[in-house]
Every structure is written in C-alpha cells, then in structure tokens.
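Only the coordinates and a few stated rules stand behind these numbers; no lab work does. Fair warning: this is a prediction, and the values are worked out from it, not measured in the lab. Neighbour counts run over all protein chains shown; Cβ positions are idealised from the backbone, glycine included.
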C-alpha cells in the first residue's frame, strides 16, 4: 500500500508537499458526476472515500437517506437512487477495487 | 482531476523517491480503512502548522500523535472539527454580541464583547476530545470521520464562567437545559444548524466557561474565535465554537445533534451526572469522557535501538484525574508501571513515561493503560456502539527494535 501510494503520489509532480490539500476525486463510472455534483455542494468527496470500503450497499443507502432526511439534501428519488447505486458499486464492502 | 487510484493504476513500474506528503505521515496504523489512508494527508491551515487532513470541507484535521509528548497542545497544532460546511468569517469584536434568551430567561439580554470582558474570569486546563476519536480503529468499522488518535487536545482555557454569563438574563428556577448555537451557518437553507444543549447542572458547574483565550492567546478561528464553550470532562461536541446565541429553556432541545447524533446505548457508559432531559428508552446522550491514554513516542512503524528508549505519552479521563498508567511491550500480555509527571489538574492530560532498558531485536507491540482516581481503567475490549464512540481500548503501537 505504502509503495503504491508513493508511486501514485509521485505523479502529482510539481505540487508542494504541504499544499496537497486538493480533495480526492471520486472513481469514474456511471453516477460519478451526479454524486459529485450533489454531494460536493456540502462536503468534499473525502467523506465518501474515507468511509470505504466497509459499508454495505444498504448502509450507503441509509447514508443517502440521512442526507435527505436530516440534512435536507435536495435529491429527488431518481437522483438518490443513482447516487446510492454508484456508492454501492464503487465504495461498498466487496465492491470493485 | 483524475482519481488518485486511477493515477496509481497508471503509474506502471515507475520507481521514484518517497513522496513527502503521504509517505511521511507518522503514526497511521494499518488497521484504518483503506479509503481513510487514501485521503489522509498533511496540510497547513491559517493559524495552524502541519495537521493531518481527513476532510477539507467541512474541515476535519487531526493533531499528529507525536504532539502528545507534551501535556499542553499548542494552538497551532490543535485539531479542527466542523460538522457542516460553515466556518464563519472572523467577526470584528466591536460587532460581536452574545444573545441570551429562551423561555426560562427572566430578562433576555445581549452582551457585547466589553460586557463579557467585564465579568470575572477563571482559567481551566482541560482536554477537548471528539467523542469519535479513534473511530477509525473500531472493528468492524462504522461510518463517520475516521479519526486515529488526533481528535483531541489539552489547553488552558480562560474566560468567564457560563453561570456568570447567564446571570445577565436571570435564570428562572424552572430552567432545565441551556441551548447553544454559534456563528456557523449551514450551506443549505434546510440543513439544520449545529445546536447543542447542556443540563442546567453542568451549565452551572464551576469549570464550565465561555473561553475567550486559549493557551494565553485569542482562540484560532478554526477553534471557535472569538468565544467558545468549554465543558471540562465532557466530549467536544458540547464545546460550541463561535458561540453567539444562548437559550435558557424549560424543555429539552430537539435538534438533530441532540436527538439523533451523539447518542450511546443506555447503561453502556456509566456517568456521574446523567443528562436526564435527553435520555430516551434505549439511548442517552454521550457526555462524560472515559479514561484513556496514548503513546506519543515512539510512533507506529518506527525503529528503536537495542540500548533502549523512552516510551512517553499522556492519559486523561472525565475529571477524576489519573492515578496510574501501565505500559506493555508485548501487546498487553504483561504490564509495567510508568512514571507519572505531576498532575496539572483533574481535566488535563497527565504525562507518563517508561524507560525500556536493553531490548532484544524484534517487533514490539507497545500499549498503555490508564487508571483514574475513581479506579476506572481502560476497557479490555471495545464496548461496541453504532457511533463508534468512546474507544478506550489500549492502543497498540507496533514498532521494531533493530
């Protein structure tokens, strides 16, 4: 893991070490843009990546529901389903690496 | 921008020197979620030196563990934690006001900064620790900010007692809770503001203050400038930053942050002062901290010499004070008593140290275990709860003697 990070991060050439606070971006795939567009209104994708990969698809669904119910995220059912599917496919336990 | 993983995958067999930001983070244990290790990075913020960023918006930045070799955490290394994307602009002190109202305020009041300075002040050295500190080490992992050790700090807080502030509005005898909110405003109109409450007994406590200084200096903006609540012994969620509104109330606060978040199973963590007005059938508000300790030196993954080295760190609890810290070099199989520095106060970090003496080569699993003056000792096993709160299982630091 350490070596992988070292190689990967070295590609961020030219970026000062301590200035690396550019938030991480989500994995590409169906729903990635929708997820970023809605979720990043209130928080960076750090929150999603940090909480992976250990939540089940059902737990991700519960997180999306919480964002709607408790935090007033303006997601209609279709958007919520798209985001939930994306998180389940990309950031759930047992999902794709 | 490409995703980091995508870049990593495309890196091929490039052989390059250690990357200074990620590779150098000291003390991050392998047990953290993979995604947490991916996002964790050093960062500098205004008024801050090198913290570990877990999320930049809302800002959640941890203190690097080696800072806890000292009993007082410097302001520029003190952790930062916000729930919503809401850091306010620094207010001019000439414009600052503290509004005190509520149905149990006999005479609603508005205090200026000058009014606050006119009140008698007191000082308390106290640990501010996020309820979810060490959540990242809870197995199985639970959702939240995946802190390692750094969601805490100990500082000298100066300011008027809350009870003296409340006098301006004349507290009616039927008051049950004091409600608090700060200058942070949520990003969306419908997002609930971060609001918390205290039971009247804790609000009136000698040590509960409205801090206007931290370690002899104004509070850093990201720690609540210009005034924040300080609730010694209680977890950080009650320490309202950017405090500007107080309501003295005959009823319990029903905010999301009281009723849904920051709750633990009833009976799991005994406390000396129950928060009765917030108790439900199966859960209660998380309030008093549990006894805990951390080794700050050496850090995870480091190397030591056979001639030995000093193990050092800090211990703390809900305000009884620490009477004993034991250190293990074998992951908790055997324990030795550490030396304690003199106590700096019941709510403060107490430093401990142990000189190892000569050691054989090999891997060592260091751990510390504190006992309070109330004879409470760190848990042998995690008391599993949905929020991953109160993780006070002895923290094992793996290192090597060469």
P(r) of the protein assembly as shown over all Cα-Cα pairs, binned every 10 Å from zero, in whole percent: 4, 19, 29, 27, 16, 5, 1, 0
query: Looking only at Cα atoms, what is the convex hull volume of region B:326-389 per residue, in Å³?
result: 127 Å³
- prompt: What average number of partner chain Cβ atoms lie no more than 10 Å from the Cβ of the residues making up B:182-192?
  reply: 3
query: Can you give the three extents of the C-alpha atoms in region B:225-271 along their principal axes, from longest to shortest, in whole Å?
result: 36, 24, 17
query: Which translational diffusion coefficient, to the nearest whole µm²/s, is obtained for chain B from the Stokes-Einstein equation, given a Kirkwood hydrodynamic radius over C-alpha pairs, 20 °C and 1.002 mPa s?
result: 97 µm²/s
query: GNM on chain B, C-alpha springs below 10 Å: top fluctuator among B:382, B:240, B:214?
result: B:382
task: Report the antiparallel proportion of the DSSP beta bridges in chain B as a percent, rounded to a multiple of 5.
output: 90 percent
- request: Just tell me how shielded B:38-49 is by partners: mean number of partner chain Cβ atoms within 10 Å of each residue's Cβ, no decimals.
  value: 4
Chain B - mean residue ellipticity at 222 nm from DSSP helices (-39,500 (n - 2.57) per run, n ≥ 4, rounded to 500): -1500 deg cm²/dmol
- prompt: What fraction, in whole percent, of alpha-carbon pairs in region B:63-219 exceed 29 Å separation?
  reply: 27 percent
message: With an 8 Å Cα cut-off and a minimum separation of 6 or more residues, compute the relative contact order for region B:292-401 in percent.
response: 36 percent
Computed label-point distance, nm, for sites residue B:34 and residue B:272 using a 7 Å Cα→Cβ extension: 4.6 nm
message: Counting just the Cα atoms, what span does region B:158-210 cover along each of its three principal axes? Round to the nearest Å and put the largest first.
response: 36, 29, 18
query: Looking only at other chains, what is the average number of their beta-carbon atoms within 10 angstrom of each beta-carbon in B:29-35?
result: 4
- line: Here FRET efficiency (C-beta to C-beta, residue B:115 to residue B:280, R₀ 35 Å, nearest 0.05) is 0.40
query: So how far apart, in nm, are the two label points at residue A:68 and residue B:163 if each is 7 Å from Cα heading toward Cβ?
result: 4.8 nm
task: Mind jotting down a quarter of the surface of the convex hull over the alpha carbons of region A:24-91, in square nanometres, one decimal?
output: 3.9 nm²
Packing-based ranking, highest mean first, of B:109-118, B:342-351 given that Cβ atoms within 10 Å are counted: B:342-351, B:109-118
query: Considering only the protein assembly as shown, what is the antiparallel percent among its DSSP beta bridges, to the nearest 5?
result: 90 percent
field: Histogram of C-alpha separations across region B:292-401, 5 Å bin width, %
entry: 2, 13, 22, 24, 17, 12, 6, 2, 0
task: Throw me the Rg/Rh for region B:83-131, computed over C-alpha atoms with Kirkwood Rh, two decimals.
output: 1.05
Candidates B:217, B:131, B:104: whichever shows maximal mean-square fluctuation once chain B is modelled as a Gaussian network with Cα springs under 10 Å: B:217
message: Over chain B, with a Gaussian network built from C-alpha contacts below 10 Å, which listed residue (B:173, B:252, B:274) shows the highest mean-square fluctuation?
response: B:173
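State the Kirkwood hydrodynamic radius of region B:199-313 in Å, one decimal place, computed from all pairs of distinct Cα atoms.
17.2 Å
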query: Highest mean first, what order results for B:56-62, B:288-294 on Cβ atoms within 10 Å?
result: B:288-294, B:56-62
